[in-house]
1. Quick check: Cα centre of the stretch 156-210 to Cα centre of the stretch 53-112, how many Å?
2. Given only helices, namely DSSP H runs of n ≥ 4 each adding -39500 (n - 2.57), what is the per-residue ellipticity at 222 nm of the chain, to the nearest 500 deg cm²/dmol?
3. Using Cα-Cα distances under 8 Å and only pairs 6 or more residues apart, what relative contact order does the chain have, in percent?
4. What is the percent of Cα-Cα separations in the stretch 1-121 that go past 22 Å?
5. Can you quote the Å³ per residue value for the convex hull of the Cα atoms in the stretch 88-195, rounded to an integer?
6. Pick out which of 126, 91, 103 has the largest mean-square fluctuation in a Gaussian network model of the chain, springs linking Cα atoms closer than 10 Å.
7. Counting other beta carbons within 10 Å of each Cβ, put 132, 122 in order, fewest first.
8. Please give the direction-averaged projected area of the C-alpha convex hull for the chain, in square nanometres with one decimal.
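Values in this text are rule-based calculations from the coordinates and carry no lab data. Everything numeric here is computed off the predicted structure, so don't read it as measured data. Neighbour counts run over all protein chains shown; Cβ positions are idealised from the backbone, glycine included.
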């Protein structure tokens with residue numbers, strides 16, 4: 001069976017103290033979540049070590065929101081993959097639409113980041129998704145296919161087995177608009193088909209998450225879809241009750 005994951009991307013929100021308290025609140029409510037649902041939280045870089053301490057002994061995994069495309073050196077402001085591991089991270093989010101859109105991350109950049117993450121034992125949560133104009137023009141399948149092929153198709157099967165995919169329609173991130181369950185299932189199935197063209201039967205074992213205004217009111221319907229294995233949650237991950245409610249939707 002594919003791993004079920006509900007991951008919270010805190011983005012550039014919370015102070016360190018607020019983030020530690022949020023982590024503690026999640027740990028306190030963890031018994032409400034089915035044991036086969038894996039929880040992951042991705043706080044800002046500044047929070048990683050104290051949040052790791054707050055999560056210690058729980059089954060909530062720690063993720064970074066990004067990592068550098070270089071292993072070390074004179075890259076002011078960057079954080080290397082091995083640094084993230086030393087801070088307690090098991091995952092890192094890569095290729096989020098905000099990184100592509102605001103910071104010019106390209107497929108070539110992401111190939112480097114993904115390789116370094118895997119080399120250092122991190123599990124990448126690799127994000128794909130189309131903008132509203134691309135969907136309206138009927139190009140959403142082509143866009144997502146290119147994002148998969150250009151970054152993932154150079155990986156070995158062993159490497160790919162450690163990658164999680166997150167489909168995030170850019171038009172639904174933070175807008176309150178959510179893809180319908182039919183729209184989400186359609187493109188999740190398409191992603192699995194694209195992966196199968198390169199990695200064969202392994203595609204059936206790869207976790208694919210939905211992101212884009214997933215909240216307690218719609219999580220159960222989305223998670224019931226055959227090819228949706230959980231969610232990458234933005235705003236709703238900043239409230240412990242909402243995040244736990246989404247995880248309980250299984």
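1. 20 Å
2. Counting only the DSSP helices, I get -11500 deg cm²/dmol.
3. Values: 466 pairs, mean separation 55.8, N = 250.
Result for the chain is 22 percent.
4. Details: 2598 of 7260 pairs.
The share of Cα pairs beyond 22 Å in the stretch 1-121 comes to 36 percent.
5. Numbers: hull volume 12.4 nm³, N = 108.
Cα convex hull per residue, to the nearest whole number: 115 Å³.
6. Top of the fluctuation ranking is 103.
7. Working: 132 14, 122 24.
Least to most surrounded, the residues fall as 132, 122.
8. Numbers: hull surface 49.3 nm².
Answer in nm², one decimal: 12.3.
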